[in-house]
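Notes follow the structure.
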Amino acid sequence: MSDCNSCSDNSCAARNQGAQENDEQFARRQTLESRLCSIDKRILVMSGKGGVGKSTTAVNLAIALSQQGHRVGLLDIDLHGPSLPKMLGLEDVRPNGSEEGIHPLEFAGLKLMSIGFLLEKTSDAMIIRGPMKNGAIQQLLADVVWGDLDYLIVDCPPGTGDEPLSAVQMLGKSETAAAVIVTTPQDVALVDVEKSISFCQQLKLPVIGMIENMSGFICPHCDKRSDIFKSGGGSRLAEQYSIPFLARIPLDPRIVVAGDSGKPHILSHPESECSQALENAAEQAHQWWQKQ
Ligand code: ADP
């Protein structure tokens, strides 16, 4: 972990104690900033609604970026419904701690952390509200020995509440953090995704692009396409808001099996249309950063 006292970046906000800040708060902020210092780019994966495939997208995007040669961490800040332990088959694994902090778990080259790994049992409920959530997210960032990362992918809970707000405030704005927004194509999801776009605009969080998930289903028996949740709504919205459109991911029952069995789809079916779309989205996200 880098040390603020030996750092030569005079412009860093963590150098000086704020007027309103006591010694303990200042020390906490320095710990957080020095942890974040070694994380180059932070991508918040957001959605307006639950169940649209945000966690699935976050996991597979992270693996795709790692397979493309980047050092990647994946942080699940869904405090009430963490999916990462189940999706990666790590429900019974707990991280080790040392004087340095909590050591993230590792999976397929990724460094992982989720509140789910810190609960005694995966089925335990996290009873937490308001300002406590901010503290929990700060711990997941500051107390974890992330090491040097090119990307930290942050799986946010749906909506525009405490968790994404805390994450944006802690992870920084335009130069270091940006969002990927996941939606499904039907109008009822699109209404909520506009709120996610508005959230990013208000917080000046750049949007890398939009992913339309569950976009059409190709029947494995007759090869005919059915647009179960309609199709094209995400790309139309992306165009309307001048946001890059990163991928259209079809419905594929193998994604459900992959998520439930702890073997992410991109690893179990790398040749599928969904995996190709996710790999392409990861590459576009990387290219987006190169242009900043
Ligand atoms: P969210 O994080 O938005 O709540 P999840 O990623 O947990 O959504 O996905 C919800 C459910 O939908 C999971 O069972 C997941 O396996 C499934 N799912 C996600 N994307 C697809 C897809 N493209 N095809 C089929 N099932 C999917």
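The values are calculated or read from the model by the stated rules, or taken from the named source; none is laboratory data. Not measured: the values here are computed from a predicted model. Cβ placement follows ideal geometry from the backbone for every residue including glycine, while neighbour counts extend to all protein chains displayed. Accessible surface is based on the protein model in full, side chains and every heavy atom, while ligands, DNA and RNA are left aside. Shrake-Rupley method; radii C 1.70, N 1.55, O 1.52, S 1.80 Å.
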Tell me which of these L205 doesn't satisfy, since it passes every other one: (1) in contact (Cβ under 8 Å) with a residue 40 or more places away in the chain; (2) buried (at least 16 other Cβ atoms within 10 Å of the Cβ); (3) within 13 Å of the ligand (Cβ to nearest atom).
(3)
Positions within the stretch 34-60 being more than 8 Å from the ligand (Cβ to nearest atom), assigned to a helix (DSSP H, G or I) and open to solvent by 10 Å² or more (accessible area, probe 1.4 Å), in sequence order:
R35
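Would you mind listing the helices (runs of 4 or more DSSP H) fully within the stretch 214-292 where at least 3 residues are buried (at least 16 other Cβ atoms within 10 Å of the Cβ) and within 13 Å of the ligand (Cβ to nearest atom)? Spell out the reasoning first.
Details: elements: 233-240, 253-261, 265-268, 273-290.
By residue number, 253-261, 273-290.
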For the stretch 89-111, check the following and say yes or no: at least one residue is within 15 Å of R35 (Cβ to Cβ) and in a helix (DSSP H, G or I).
no
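With the structure loaded, tell me whether Q292 is among the polar types (S, T, N, Q), within 26 Å of R71 (Cβ to Cβ) and modelled with pLDDT under 95 or whether it fails that test.
Answer is yes for this residue.
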So E21 ticks every box in (1) of a type in the set (D, E); (2) without any contact (Cβ under 8 Å) to a residue 24 or more places away in the chain; (3) within 16 Å of the ligand (Cβ to nearest atom) but one. Which box is left unticked?
(3)
